[in-house]
Amino acid sequence: METLAMHIANGIIDGPVAAVFAAFALAVLAFCVLRARSDLDDRLAPMAGLVAAFIFAVQMLNFPIFTGAVSGHLLGGALAAILVGPWVGALCVAVVLIVQALVFGDGGVAMLGLNVTNMAIFGTAAAYLLVALLLRVLPRTPAVLAGVAFVASVVSVVVASQGFVLQYWLGGTTDLGNGLGGLAATLAGSHLLIGVGEGLITATTVVTVAKVRPDLVYALRGRRLTRPVSVPAVGGVR
Amino acid sequence: MGAGHAHVLYQDRTSPVHRLPPEVKITAMVAFTLVVVATPREAFWAFGGYAVLVAVVAALARVGARWLLTRSLIEVPFVLFAFVLPFVGRGERVDWFGLSLSVDGLYGGWNILAKGTLGVLASLLLAATTPMRDLILGLDRLRCPQVITQIATFMLRYLDVLVGEAKRMRVARISRGDDPRFLWQLRGFAAGVGALFLRAFERGERVYLAMLSRGYTGRMPAVWQASGTATVGQWLRGVSVPAVAAGIAATAAVLT
């Protein structure tokens, strides 16, 4: 399992900013733990574990982008948010990041707060807000669900990447000056591509699960998908 | 219980470092990393001192230098970022072989390279000397909320379920005439990813229900918890590494 990854490594963001984000991440995670306790029942506990395992496995897939100078991987925030809800979902992604930092040295331990903030909190929150909103107004057909999952993934990945730009702007150890805009653009562009890949995986996974076991999809809140009504073709094409 | 779990990096040996309880090693590793990150980047010699510390621990743990170096390639993307910094950084510039480099960028690049590498080496040492299961046990003993350790436990358990199901599905595809090569493997994989998830879940759910019916309450049995909680002596030995590092960092902070 050779892995290349792009969590923030030690020394990229300076200490005080890292400490502030660590405190922020800790506070949010503590809140998630409180909320997750009521969510985590017999059905959700194995689901949360599987979602975390899935994200862990999927984060091993890396997309070399352009000449390989920029690489990125799937984040899984959207998948977690849709399948197990925002609270448990954020915890799942956080657990993946903690284990990666402790065991694989992927992402510095001192930067864990930043990584958790970007991927577990920003990514999951953006995806969940979007999904909750869209599923409220749109019809619940499999195609729509796939589209929603796709859009939520793309948005969550780009939001997470821009979280890094924000942190670099606040406490980057080297002043990039005008380069910051370039960094934001490069990251947004590359993560748009990652988002497409992630969106496809998230959409197929969520739709398959929603068709067979709608009770497992948190975002549907126990309601089934409505089957698309097949309209008989009238007249036809001449 | 030991077979088949995700011991990707664990090196099965006996050494003083392997015998330390996991909570001690986790604490020492995190403290060491924090100290390294807090060190001013101009104090070059301090990082040399940290490298010596890492080398001593690696020797004690009987972990080979070659293994450490190959595994630390994980940070390559950010190292590339470190090499870009001298070119795009602002401020005072120096000429070096006809290249105009930013001094601030050079320091920044060095900062990332040194602190990143030391952090990666420290966590690799932790991973090489601690099986995953013990790691979660250590987190549990460090009062990590049970929701988190529970998710982590299932994550490790289900990783193998996922990999196993993926292998089975691949064999099934091939035996039905699929001939995956190179990138096109991805197509078959992507088409089956939803099915893979469901199959793994249903397997995992059965395992979970079996665990529940055997008295699982969200925590691993007390037998595992009781053995080998850290003694004061072990804590002292473990903490000696970050303590020495803190000494180096304090000296560096005074001198620069």
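Couple of notes before you dig in:
- Cut-off 18 Å, label 7 Å out along Cα→Cβ of residue B:229, residues of the range B:124-144 by amide N: B:134-144
- Taking all Cα pairs closer than 8 Å and separated by 6 or more residues, the relative contact order of the range A:15-220 comes to 26 percent.
- The label-point distance for residue A:129 and residue B:59, in a model that sets each label 7 Å from Cα toward Cβ, rounds to 5.4 nm.
- Projected onto their three principal axes, the Cα atoms of the range A:15-220 cover extents of 50, 35, 31 Å, largest first.
- Inter-chain neighbour count for A:89-99: the average number of beta-carbon atoms from partner chains within 10 Å of each residue's beta-carbon is 4.
- Excluding same-chain neighbours fewer than eight residues apart, the lysines reachable from residue B:25 by a Cα-Cα span under 21 Å are B:115.
- Rounded to the nearest 0.05, the FRET efficiency derived from the C-beta distance between residue B:19 and residue A:188 at R0 = 56 Å is 0.70.
- Derived scalar couplings between HN and Hα for the range A:151-166 equal 4, 4, 5, 4, 4, 5, 5, 5, 4, 4, 5, 6, x, 5, 4, 4 Hz in order, rounded to whole Hz, by the Karplus curve 6.51 cos²θ - 1.76 cosθ + 1.60 (θ = phi - 60°), x for Gly and Pro.
We did not get these values from a lab; they are worked out from the coordinates using the rules stated. Please read all numbers here as calculations on a predicted model, not as lab measurements. Positions of Cβ are generated from backbone atoms using ideal geometry, with glycine treated the same way; all protein chains shown enter the neighbour counts.
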